[in-house]
1. Inside segment 91-105, can you point out the residues that are within 21 Å of residue 24 (Cβ to Cβ), touching a strand residue (DSSP E or B) at 6+ places or on another chain (Cβ under 8 Å) and at pLDDT below 75?
2. Which residue, of 108, 22, is surrounded by 14 or more Cβ atoms within 10 Å (Cβ to Cβ), modelled with pLDDT of 65 or more and outside any helix (DSSP H, G or I)?
3. Going through 65, 82 one at a time, which residue ends up being at pLDDT 60 or above, assigned to a strand (DSSP E or B) and closer than 18 Å to residue 7 by Cβ?
């Protein structure tokens, strides 16, 4: 089984799993925001840090990196389920990834934050979110 996984935050530089290939590109319909509170990847229980999340926007476009998973895809997906879903509060959505230098899109599951998961802080002044 092969499949692509799209990363738009720390997965870009720190995927943590083996992959066969990677491509730079984008997905449509989402904007990247640092609105999701998190005390595992950033911050602590008393002062949550912020992590990247995707917010639906039909005009949105988010650049990132897609990774082609090979025969060990199940192991990578289990790792991502723990790192991103159980510990990070993200949910999975299937999106169409558009590689930068290819005309046809690829179907790719992506993990993104959801308001039903851990706190979505939304927009706030830099003075309170930048500490």
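The values are calculated or read from the model by the stated rules, or taken from the named source; none is laboratory data. This one's a predicted model, so the numbers in the text were calculated from it and none came from an experiment. Quick reminder, even Gly has a Cβ in these numbers, built from the backbone with ideal geometry, and neighbours come from all protein chains shown.
1. Hits for segment 91-105 are 102, 105.
2. The conditions single out 22.
3. 65
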